[in-house]
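Contents: one structure, followed by commentary.
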Amino acid sequence: MKIAVLSGKGGTGKTFVAVNLATAIPNSIYLDCDVEEPNGNLFFRTDIITTEIVRVKVPTVDQAKCNGCRQCVEFCKFNALAHIGNQLMIFDQICHSCGGCTLVCPEDALKEVDKPVGRVEIGRYGNRTIISGIMDPGEESGVPIITHLFKQINAQNRTQIIDCPAGSSCTVIESIQDVDYCLLVTEPTRLSLDNLKMVYELASLLNKPCGIVINKYSNTSNPIEQFCVANNIPILSKIDFDLRLAEICARGIIAVEDNENYQVAFSSLHQAILKEINT
Amino acid sequence: MKQLLIISGKGGTGKTTLATAFIKLGQPSAFADCDVEAPNLHLLLEMPDLGKITDYYGMDKAGIDRDICVGCGLCATYCRFGAIKKQGNYYGIESIKCEGCGVCEYICPEKAITMEQVVSGKLKLYTTKDYIFSTARLRMGYGVSGKLVASVKKQLLDAVDQTVQTKEKHLVVIDGSPGIGCPVIASLSGVDMALIVTEPSVSGISDLKRLIQTAKIFKIALSVCINKYDIDRDNSNLIQQLCEDENIPMVGKIPFDTNAFEAAKNGRSVIDYNSGATEAIKQIWTNLIKQL
């Protein structure tokens, strides 16, 4: 079973929920898809067993063969090629690796070569597997790393917890594409509500069932609960605002290992998700 | 004209809270929200629901004409994004996966494929006698946001060009997005300084380091401030040391303040509350103006 943890707004507690949920589930696999800012392993601190370099295909030009016809420049929808001062220039970072330029070149002057864009690290935490995708700074897109990361899984009926990037764009879509359930982590604020609506729309577009975790909860009326009731979205957990929790998270401590209350809370969250999926 | 961008690496450290405070304190003539995947600045600024909305066209999406398709499958073979699937005797496009490269259109021997324009978001521009505000919202399922960020900035700068006479003294405040990928890189272009808002957690520090590395590649001048610095003073000291090593000015530290959370809950700016955080933010603003 695959459970994605996402939020739209950043800093609502995706990594907190994903790390603690994975810790509360024996034999789980934790996947860090927030490849721009991967933080899961700051909590698990596993020794890395394997590191795989992720490579994409980018064009390289044989200037001697290039006759300056610019067909590649005109074809490239991503503006990754330019012909300036009798030289074809290639901007690797914004290339989407579609292969179009090499197809259209009439002079066979373009070839594709592998370029590293990041890595996937795999480690173990007790009986859990921790897989982190890490994009190289300066790269534009984390999508190839996420695609590669999912290929590393030998699931064998193990529960997978997928820690997604913030926002609602291509990397989030890639992360939740094949999941069974989306857990949306939010805060009881007006700002979070607007962003929650966006990711809820995205998950619904992909036909994913959703449940809500309200983090930093305080027992006053808030717009999130009204939205959930109105749209019939189950609230699976409310995690009370607690300054001490902020302090232990800041130090990279896993809450369910620090405090039995959180062990109970995250085990119940797991049961609640199972119940949702099976009904 | 000077452009100040606010970014953070890690999400939720307080970018929009600070952007709102700066806009209220400094009354800049122009500002923008480049977090098109989760835009919030308009909420904190309590913008009236006015503003000119325009459709944003991102990358085209491929479409296959079933009457012409002979089902050869060449398109599916050449598509690098897994966006073309066999559907019965023909092929169909999975729109959400299509990146709009046009390879399928090029390779199709029957000319059954055309690239179609699609609305991928909404741009919004407020023009009043006091300010210009540019923002946008990505359409869900339409992926790439870097190009939309570039459009938000272009819309802002074009409007400034048309309306503001003396540009020298003007300041533009831009609220950025989390991460270090394409939307952040798109927001970096042309800015005079990027203020990084970090927090004293292991995650905040790790994300800060990655963001500094990214900004260095694009040769952007940086400043750093720490939000909720008193949550973990040891980590705050580590950040201070990191900034000294990297030669990045530390422009201020904001204490943890329950008023800030109260303010966010009600969709208001912390600057409207009389609190410990407010004084620190005012000091940061003064320091930033000096830096700029």
Dividing the alpha-carbon radius of gyration of the range A:11-124 by 2.2 N^0.38 Å (N being the number of residues), what value is obtained?
-> 1.55
Convex hull volume of the Cα atoms in the protein assembly as shown, per residue, in Å³?
-> 169
Quick one: Debye curve from the C-alpha atoms of the range B:103-208, no solvent, what's log10 I(q)/I(0) at q = 0.13, 0.21 Å⁻¹?
-> -0.68, -1.17
Using θ = phi - 60° and the Karplus form 6.51 cos²θ - 1.76 cosθ + 1.60, what ³J(HN,Hα) does each residue of the range A:119-128 get, whole Hz, x for Gly and Pro?
-> 8, 10, 10, 10, x, 10, 10, x, 8, 9
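What number, in percent, do you get for the relative contact order of chain B if the mean sequence gap of Cα pairs under 8 Å and at least 6 apart is divided by its residue count?
Computed over chain B, the figure is 26 percent.
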Compute log10 of I(q)/I(0) for the range B:221-292 with the Debye formula, placing one identical point scatterer on every Cα and leaving out solvent, at q = 0.13, 0.20, 0.21, 0.25 Å⁻¹, to two decimals.
-> -0.42, -0.87, -0.93, -1.10
When the convex hull of the C-alpha atoms of the range B:28-107 is computed, what volume per residue in Å³ does it have?
-> 160
From the backbone phi of the range B:83-95, what are the Karplus-calculated ³J(HN,Hα) couplings (6.51 cos²θ - 1.76 cosθ + 1.60, θ = phi - 60°) in whole Hz, Gly and Pro given as x?
-> 8, 10, 10, 6, 10, x, 8, 10, 10, x, 9, 8, 3
Measure out, as a whole number of angstrom, how far apart the alpha-carbon centroids of the range A:222-255 and the range A:1-45 sit.
-> 15
Of all DSSP beta bridges located in the protein assembly as shown, what percent are antiparallel, nearest 5?
-> 50
What is the Cα centroid distance between the range B:49-75 and the range B:216-280, reported in whole angstrom?
-> 43
When Cβ neighbours within 10 Å are restricted to other protein chains, what is their mean count per residue of peptide A:169-176?
-> 6
Name every cysteine in chain B that ends up alone, with no second cysteine's Cβ under 4.7 Å, or say none.
-> B:34, B:69, B:72, B:79, B:98, B:108, B:182, B:225, B:243
When we measure straight from the Cα of residue B:122, which aspartates and glutamates land under 20 angstrom away, once same-chain ones fewer than 8 places off are left out?
-> A:194, A:201, B:33, B:35, B:37, B:46, B:49, B:55, B:60, B:99, B:158, B:175
Partners for residue A:275 among aspartates and glutamates (Cα-Cα distance below 20 Å; same-chain residues under 8 apart left out) | A:178, A:180
Could you sort B:134-141, A:29-36 so that the peptide with the highest average Cβ count within 10 Å comes first and the rest follow in order?
-> A:29-36, B:134-141
Taking only the alpha carbons of the range B:76-165, what extent do you get along each of the three principal axes, in Å, biggest first?
-> 60, 23, 17
Please list the non-local residues whose amide H lies under 5 Å from the amide H of residue B:12, H modeled 1.01 Å from N, same-chain partners needing a gap of 5 or more.
-> A:10, A:11
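Quick note: the coordinates plus some simple rules give every number you see, no bench work behind them. This is a predicted model, so every value here is computed, not measured. No Cβ is skipped: glycine too gets one built from the backbone with ideal geometry, and neighbour counts run over all protein chains shown.
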